[in-house]
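Novice: Here it is, the structure, as structure tokens.
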Amino acid sequence: MKTNAALPFKAVFSFFVLCLACLGLPHPVAAQSAPEKVVVREVLSVSWQRGYCAARSKSRGCADFAATSPAAKQFSLLGRFQVRKSYCGIDAALQQKARKGKWTDLPEIVLASATKDRLLAAMPAAKLGLDRQQWLRSGSCVAASAEVYYSRSLDLLDQLNTSPVPALFSGKAGATVTLAEVRAAFDKAFGPGTGERVRLSCRKGADGKPIVIGLTIGLAAGEGTLETLIEGSLPTKSRCTEGATGMAQAG
């Protein structure tokens, strides 16, 4: 049989909780379980034009691409985005237009002249309106303006292109590059473990074999160098583990 010895304690505890509520203080149990901090992460997506144009030779963005062009020796900007977030605050009609319509029919983005020049050099498909589509789709979720979005993305791209990673790709022009080689290059350039935050983006060529058309690089959101942001991200898996690097070096 239960005794009534515990009743005074229950009554006192209930009175104590009631007093806390009156004072606006948290419940003693609830105070122990604070909500977890949500960590925002991003992805930098870059294109390797040799591979992209080998896999999609009929693409309008490859009409004037050549193995001697500057884009053949460095990565090009595709975009920077948050996973599973897109078109933040963008009108539904404009979203539909960006998804289905002609990109050059989308509203022009406002950029400083220096930023615009950098973007045209770093994103070959900007002449087709890709910069407008990427701003609406991805930039709207990570930056307050197109200027902030692209100037920051271009800074990160520059840090990648001044590292030894592009040389790995251009040195293998016409040959195959492996995920292990790419990750090792990142470890050497940006620190041990950073390669685990990188995935190969591949498409099948005419012969059915994979061609590397770019990379996706995990980043922590916020300010910092490319090295710091990669280190702040999480390791990822890559479905593609090797692929051709595209057209061979001219000459």
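The values are calculated or read from the model by the stated rules, or taken from the named source; none is laboratory data. Here the structure is a predicted model, which is why all the values come from computation and not from measurement. Cβ sites come from the backbone with ideal geometry, for glycine too, and all protein chains shown count toward neighbours.
Novice: Which of the residues spanning region 207-251 are of a type in the set (D, E, K, R) and not in a loop (DSSP other than H, G, I, E, B)?
Specialist: Matches in region 207-251: 227, 231, 242.
Novice: Also, I was wondering about something else. Does region 129-139 contain any residue that is outside any loop (DSSP other than H, G, I, E, B), in contact with a Gly (Cβ under 7 Å, 6 or more places away or on another chain) and of a type outside the set (D, E, K, R)?
Specialist: yes
Novice: Still on this structure, please answer the following. Among the residues of region 142-190, which ones are of a type in the set (Lys, Arg), out of contact with any helix residue (DSSP H, G or I) (no Cβ under 6 Å at 6 or more places or on another chain) and either under 22 Å from residue 132 (Cβ atoms) or assigned to a helix (DSSP H, G or I) (or both)?
Specialist: 152, 188
Novice: With 160, 215, 200, 154 as the choices, which residue is closer than 29 Å to residue 60 by Cβ, at pLDDT 95 or above and out of contact with any Ser or Thr (no Cβ under 9 Å at 6 or more places or on another chain)?
Specialist: None of the other options fit; the residue is 160.
Novice: A further question on this structure: Which residues, counting only those in region 86-121, are surrounded by 13 or more Cβ atoms within 10 Å (Cβ to Cβ) and on the phi > 0 side of the Ramachandran plot?
Specialist: Result: 87, single match.
Novice: I would also like to ask the following. Which one is surrounded by the fewest Cβ atoms within 10 Å (Cβ to Cβ), of the residues in region 192-206 that are part of a strand (DSSP E or B) and not β-branched (Val, Ile, Thr)?
Specialist: The selected residue is 204.
Novice: Does at least one position in region 46-56 carry a residue that is within 23 Å of residue 221 (Cβ to Cβ) and either modelled with pLDDT under 95 or not acidic (Asp, Glu) (or both)?
Specialist: Within region 46-56 (the criterion being within 23 Å of residue 221 (Cβ to Cβ) and either modelled with pLDDT under 95 or not acidic (Asp, Glu) (or both)), the answer is yes, since at least one residue qualifies.
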